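The values are calculated or read from the model by the stated rules, or taken from the named source; none is laboratory data. All of these numbers come straight from a predicted model, not from anything done at the bench. In this analysis, Cβ positions are derived from the backbone assuming ideal geometry, glycine residues included, and neighbour counts consider all displayed protein chains. In case anyone asks, the SASA skips ligands and DNA or RNA and just uses the protein heavy atoms, side chains included. Shrake-Rupley method; radii C 1.70, N 1.55, O 1.52, S 1.80 Å.
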Amino acid sequence: QNDELTEPIVPEMNALYAVDPWFPSYRVNTTVGVTAINVTPGTLNLIGGNGVVVKTPGLDFEEMVTREPSSMVMSLTSGTTRYWAGTSGIPVTLESASAMIRDELDEVVEYSRGGPAREYDQRHEAILPVLRREVPALIHADRVAEIREAISIARDYGLRLVITGAVEAHKLADEIVAADAGVILGNSGSFASDIRGGGDGWSSKSPAILSQAGVKVAFFGPGASRRASPIGRLGGEPILNSAWAFRNGVPEIEALRMATMNPAELLDIGNRVGSIEVGKDADFVVLEGHPFDYRVVPSHVFVDGRLEVERR
């Protein structure tokens, strides 16, 4: 939710330096059964910076890091373009926003050809991992035109694409499959419908349509600071998104994957987390009942094999 609003393109920003595990409500992440989080900058910048995956227990943030950088955040939404148009007084459209992102990527491509003798540029260095396909580009795009432009940028620069927000992604399921892109539904709204991708053109059947077409789907979730009923803000309980997807036509196991394996695989950490297998981190929860029952809470939470939460 935090943005660097000094200028529209700030790839050098890094979420590693923006998370405070000492904050009183941070511990709730672990107690509700969230064992790992991909934290990113917000979505008001055209290029907003690098994300970082952390395990939730602990107080030394650098020790909690599992993958850094984990992703590069970009945005093509109307909210982003409206903000910069209002700030600069210069009309900013989807086309001009895309052109600014492309200009920056072109500069980094040229920079990468400079070899070891090139003068160090922090901004360009931050983008190199996404151009090398070492991390995915999380491009925030809601409408059909925005999603198609995100696919076009990813194709032209060889990026590994994950579309976030994705309000109208269900209308382009086949195109998203063809682009080999994943989808993270939602945004940091105050209501469940926003978190799951609410707004004009939104469909409660979106997870079912996308997953049936072969798209790997996951959900946005704001930081856990409270336990909430499923009719209000979800806090940090992504499993309730899975329950909602199940109620709207997604098969049970696939819905469960949307809170476990799918996000892990989209972020290239499926070899460590997301399922219980030999050789992976021992991150798992023991629940009092079915995970899709909103009344159920974890009785035990293990992270890296250590018991972090126990309710007797």
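Spin-label model, residue 96 to residue 59: label points 7 Å out along the Cα-to-beta-carbon direction sit 4.9 nm apart. Working from Cα pairs under 8 Å separated by at least six residues, relative contact order for segment 38-164 is 23 percent.
Partner lysines whose Cα lies under 18 Å from the Cα of residue 280, excluding those fewer than 8 positions away in the same chain, are identified as 55. The alpha carbons of segment 256-312 occupy a box of 34, 24, 15 Å along the principal axes, longest dimension given first. Each part reduced to its alpha carbon centroid, segment 95-163 and segment 14-81 end up 20 Å apart.
Debye-formula intensities of the chain, expressed as log10 I(q)/I(0) at q = 0.07, 0.08, 0.10 Å⁻¹, are -0.26, -0.34, -0.54 (one equal scatterer per alpha-carbon, no solvent). Ligands, DNA and RNA left out, the accessible area of segment 4-127 computed with a 1.4 Å probe is 54% carbon and sulfur. Farthest towards the positive end of the charge dipole of the chain, among the residues 157, 219, 97, is the Cα of 219, using unit charges on the Cβ of Lys, Arg, Asp and Glu. Once segment 60-218 is represented by equal point scatterers at the alpha-carbon sites, with solvent omitted, what log10 I(q)/I(0) does the Debye formula produce at q = 0.18, 0.19, 0.21 Å⁻¹? Once normalised to I(0) and log-transformed, intensities are -1.14, -1.22, -1.34. Calculated accessible area for the chain comes out at 46 Å² per residue, all protein chains present (probe 1.4 Å; ligands, DNA, RNA ignored). The dipole here belongs to segment 230-312: it is taken about the Cα centre, uses +1 on the Cβ of Lys and Arg and -1 on the Cβ of Asp and Glu, and is about 280 debye.
Straight Cα distances below 16 angstrom link residue 205 to the lysines 171, 216, with same-chain residues fewer than 8 positions distant left out. Here the gap between residue 200 and residue 288, fully extended at 0.36 nm per residue and compared with their Cα-Cα distance, gives a gain of 27.9 nm. For the Cα trace of segment 35-117, dividing Rg by the Kirkwood Rh returns an Rg/Rh value of 1.11.
Might you report the magnitude of the Cβ-based charge dipole of the chain about its Cα centre, with Lys and Arg at +1 and Asp and Glu at -1, to the nearest 20 debye?
Numbers: 29 positive and 42 negative charges, 214 e Å.
That gives the chain a dipole magnitude of about 1020 debye.
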